[in-house]
Amino acid sequence: MAYHSGYVAHGSKHRARAAPDPPPLFDDTSGVYSSQPGGYPAPGADVAFNVNHLIGDPVANMAMAYGGSIASHGKDMVHKELHRFVSVNKLKYFFAVDTAYVAKKLGLLVFPYTHQNWEVQYSRDVPLPPRQDLNAPDLYIPTMAFITYVLLAGMALGIQKRFSPEVLGLCASTALVWVVMEVLVLLLGVYLATVRSDLSTFHLLAYSGYKYVGMILSVLTGLLFGSDGYYVALAWTSSALMYFILQLSPLFQVRSLRTAALGPDSMGGPAPRQRLQLYLTLGAAAFQPLMIYWLTFHLVR
């Protein structure tokens with residue numbers, strides 16, 4: 001009996017070792033994270049799966065294509081509206097300058113009395129760019145002159161111990177707002193006078209912005225020689241700018257003063273309309289000295 005029991009125990013132990021291990025309740029995923037510290041998955045594993053899943057998803061592809069079409073349509077609309085109000089090609093024309101043109105034009109603005117030919121040059125009914133025609137208006141000089149005026153105003157305020165960012169900002173915004181208002185008034189006058197010319201907003205901005213050159217010279221002379229030098233420079237630059245505008249303005253030419261004041265000229269139309277154009281141009285020219293004085297007198301003491 002003892003022998004039989006030992007035999008049974010030995011056989012049971014053998015069967016226990018031979019039986020397979022039961023399957024685990026959860027899969028062992030420790031090998032996936034073993035290469036990364038802290039047990040995190042390898043970078044890019046889930047991302048690659050998600051990207052491949054999106055690429056293979058037709059709904060996602062359709063959404064991406066629809067979003068791209070909306071973005072392209074919105075871009076076209078923005079460009080269309082921008083070209084509607086601001087023509088980039090026309091704006092490039094007013095900045096087509098070079099160093100020689102800038103130097104000669106500054107000399108013409110300061111001393112215009114010896115200049116003879118004031119006609120704007122054309123090539124196949126298209127006006128030549130400023131770098132090829134000294135009489136062509138530009139926006140480069142007014143833009144740079146405005147920036148120089150703001151810097152000079154800051155220096156003048158600093159010399160007088162009155163500088164502050166608020167005061168400088170007010171000075172710059174005032175100079176800009178007055179020019180914008182002047183252009184709007186001129187546009188209204190051109191509309192009422194029904195001027196037959198290729199006059200545009202850019203032309204008016206150019207002619208109105210040339211006053212910044214006289215403002216710079218007046219302030220600089222006032223800082224160097226005091227109030228007496230300021231008033232002398234103010235009188236000179238104002239008269240030069242008035243002469244320049246009367247000679248070169250497309251609204252009216254000084255050489256037709258007698259004809260425009262007495263009756264119709266070669267442009268056609270009744271005499272009252274021509275007189276209105278005359279008054280508009282004379283008013284724009286006479287307004288320049290007032291603007292120069294108003295925007296510069298507080299900078300010289």
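The values are calculated or read from the model by the stated rules, or taken from the named source; none is laboratory data. Quantities reported herein were computed from a predicted structural model and do not represent experimental measurements. Reconstructed Cβ throughout: ideal geometry from the backbone, glycine too, with neighbour counts over all protein chains shown. With ligands, DNA and RNA removed, areas are computed over all heavy atoms of the protein, side chains included. Shrake-Rupley method; radii C 1.70, N 1.55, O 1.52, S 1.80 Å.
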Checklist entry - Which chymotrypsin sites (Phe, Trp or Tyr not before Pro) does segment 179-223 hold that lie in a coil by DSSP with at most 12 other beta carbons within 10 Å? => result none
Checklist outcome for this item: With R₀ set to 22 angstrom, the calculated FRET efficiency between the beta-carbons of residue 301 and residue 151, to the nearest 0.05, is 0.70
Next on the checklist: I'd like the accessible area for residue 173: 1.4 Å probe, protein heavy atoms, all chains in place, Å² to the nearest 10.
Outcome noted: 50 Å²
Checklist outcome for this item: With 0.36 nm assigned to each residue of separation and the Cα-Cα distance removed, residue 192 to residue 92 gains 33.1 nm
Checklist outcome for this item: re segment 157-198: pairs of Cα atoms spaced beyond 15 Å account for a percent value of 60 percent
Checklist entry - Roughly how many nanometres apart are two label points built 7 Å out from the Cα toward the Cβ at residue 160 and residue 225? => result 2.0 nm
Checklist entry - What do you reckon, how do 166, 119 stack up by accessible area (1.4 Å probe), largest on top? => result 166, 119
Checklist entry - For segment 89-222, which whole percent of the accessible surface, found with a 1.4 angstrom probe, sits on carbon and sulfur atoms? => result 67 percent
Item to check | Difference of contour (0.36 nm per residue) and Cα-Cα distance, residue 199 to residue 167 | outcome: 8.0 nm
Item to check | Inter-probe distance in nm under a simple model that places probes 7 Å from Cα toward Cβ, at residue 177 and residue 117 | outcome: 4.4 nm
Checklist outcome for this item: Sorting 186, 205 on solvent-accessible surface, 1.4 Å probe, most exposed first, gives 205, 186
